[in-house]
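Read the structure below first, then the notes.
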2 protein chains.
Amino acid sequence: MPTPIDFWFDFSSPYGYLASELVDPLAARHGREVHWRPLLLGVIFKETGGAPLTEVPMKGAYSKHDFARSARFHGVPFRMPSRFPIPAQTPSRIVLSLRARDPALAARVAKALYRAYFVDDRDISDPAVAAEVAGAAGADAAAARAAVDDPAVKEALKGEVAQAIAAGVFGSPFFVVDGEPFWGVDRLPQVERWLAAGGF
Amino acid sequence: MPTPIDFWFDFSSPYGYLASELVDPLAARHGREVHWRPLLLGVIFKETGGAPLTEVPMKGAYSKHDFARSARFHGVPFRMPSRFPIPAQTPSRIVLSLRARDPALAARVAKALYRAYFVDDRDISDPAVAAEVAGAAGADAAAARAAVDDPAVKEALKGEVAQAIAAGVFGSPFFVVDGEPFWGVDRLPQVERWLAAGGF
């Protein structure tokens, strides 16, 4: 059984959202599973001195234009949320709380949360909103709501972010395929060739 | 006659080098010319607060790995130069001094200078080296050497960089197609579709 693709993402990352719509079919074409790994870019930026792309002079205006154009390029629906960025703890904890028992459900819920934010402009940092979205995607809404305040889930998310940093993950989306790191939705063509050819 | 593609690049930019090997055939497939526009990222970073990718924590090590892998992905020869980064004034001035009279020669010389740096590990910030490379690519080597110290050419390069900033150009490579901005060699697939479809 080949190892799953690590797919790291921040729920406030537009390029992470685009990747969330593309990574499962790509992996399936090569007989791979995807390990959905939420992270918190804010914590990582404290290590790297990074900043949200939209707040960087000149890059900020360009990147907002590029989010929408890249979505059209990939055929993925997209609307820039009215509140942006948002803290990603709430949706990240819900996904983590589901993943150990049911990874397929966790991935479905992650995709639904991303769409709620980047298509329907819903504030998924609000625990009530995020739990409702998780419920509509097939999870237990009350359990999802409870996971947001669960100390064990909070610790699990901290551990996940620490693992990201230890693995050299500094952005979203970020993929690791058999130990090979790829940063950015625009590296998916390289990920695809890597999977097809076993490296290049 | 369709407008040329503006191709902005810094001679010390590995992704700019990769783009220099790909942009002319891409443009030719769509009946376009390429306007080769050298810039100085160091000057632009003073405006934007940017920093060379290789000096950013975590991103630095990844990016060196990604330069070489992206070169293999695109089938372009690449060797990380032993001196990196270098100031780009010398090769930029040589290209600018040629461009007004003979844009095709300027492009040929630009490609030769990039290859000298990123394939043959020659220090093209050295005026003698850069002039020799320009001469081997078909330019007048003595005139190329003189252009490096020519006050009018120096002013022309300053003007070019000011135009880059005024146009919102903040990185290398950067393409402008009929007013539409694209940043990064990984946006060439979008440039190609834009040219084929007249926008999307």
Item to complete: Loop sites only, by DSSP: take the trypsin sites (Lys or Arg not before Pro) in chain B that have at most 13 other C-beta atoms within 10 Å and name the longest stretch containing none of them.
Response: B:102-200
Worksheet entry | Amide H contacts of B:Val119 (H built 1.01 Å from N, under 5 Å, at least 5 apart or other chain) | B:Arg79
Response to the item:
Note, A:Ile44: beta-carbon cut-off 12 Å, +1 each Lys/Arg, -1 each Asp/Glu, net -1
Worksheet item: Where a ≥ b ≥ c are the square roots of the eigenvalues of the C-alpha gyration tensor, would you call chain A rounded, which needs a/c under 1.5, or, failing that, prolate if a/b is larger than b/c, or oblate?
Response: rounded
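Among B:Ile44, A:Ile86, which comes first, then next, by fewest other beta-carbon atoms within 10 Å? Please report the intermediate quantities before stating the final value.
Working: B:Ile44 21, A:Ile86 17.
Fewest-to-most ranking of B:Ile44, A:Ile86: A:Ile86, B:Ile44.
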Item to complete: Obtain the nm distance between the two label points defined at B:Ala152 and A:Asp149 by a simple spin-label model: each point lies 7 Å from its Cα along the Cα-to-C-beta direction.
Response: 7.6 nm
Item to complete: Take the alpha carbon gyration tensor of the stretch A:1-78, find the square roots of its eigenvalues, order them as a ≥ b ≥ c, and report rounded if a/c is under 1.5; if not, report prolate when a/b exceeds b/c, else oblate.
Response: oblate
Discussion item. What's the minimum Cβ distance from chain A to the axis relating it to B, in whole Å, and which residue gives it?
Written reply: A:Asp186, 2
Worksheet item: Distances from B:Pro4 to the same residue in each other copy, label points 7 Å out along Cα→Cβ, in nm, shortest first?
Response: 5.1
Item to complete: Read phi for every residue in the stretch B:75-82 and hand back ³J(HN,Hα) as whole Hz from Karplus 6.51 cos²θ - 1.76 cosθ + 1.60, θ = phi - 60°, with x for Gly and Pro.
Response: x, 10, x, 7, 9, 5, x, 6
Worksheet item: Percent antiparallel among DSSP beta bridges with both residues in the protein assembly as shown, to the nearest 5?
Response: 60 percent
Item to complete: Calculate the spin-label point distance for A:Lys46 paired with B:Ala68, positioning each point 7 Å from the Cα along the beta-carbon direction, and give it in nanometres.
Response: 3.4 nm
Item to complete: Run through the other copies and list how far each one's label point is from that of B:Ala146, in nm with one decimal, shortest first; the point sits 7 Å from Cα along Cα-Cβ.
Response: 8.5
Worksheet entry | Residues B:Glu180 and A:Ala166, FRET efficiency given R0 of 45 Å [Cβ-Cβ distance, rounded to 0.05] | 0.65
Worksheet item: Quick one: Karplus J couplings for the stretch B:183-200, per residue in order, coefficients 6.51, -1.76, 1.60, θ = phi - 60°, nearest Hz, x for Gly and Pro?
Response: 10, x, 4, 6, 8, 4, x, 6, 4, 4, 5, 4, 5, 5, 9, x, x, 8
Worksheet entry | Calculated from backbone phi, Karplus (6.51, -1.76, 1.60) coupling profile of the stretch A:21-26 in Hz, x at Gly/Pro | 8, 10, 6, 5, x, 4
Worksheet item: Where does chain B land at 222 nm, in deg cm²/dmol rounded to the nearest 500, when only DSSP H runs of n ≥ 4 count, each adding -39500 (n - 2.57), divided by all residues?
Response: -17000 deg cm²/dmol
Practice prompt. Ignore the peptide's own chain and count Cβ atoms of other chains within 10 Å of each Cβ in A:53-62; give me the average, rounded.
Written response: 4
Item to complete: Calculate how many DSSP beta bridges within chain B are antiparallel, expressed in % of all such bridges and rounded to the nearest 5.
Response: 60 percent
Worksheet entry | Pseudo-label separations to other copies for A:Glu180 - Cα-to-Cβ vector, 7 Å, nm | 3.0
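Just so you know, all these numbers are worked out from the coordinates, no wet-lab data involved. As the structure is a prediction and not an experimental result, all values here were calculated from the model. Glycine also receives a Cβ, built like all others from the backbone with ideal geometry; neighbour counts cover every protein chain displayed.
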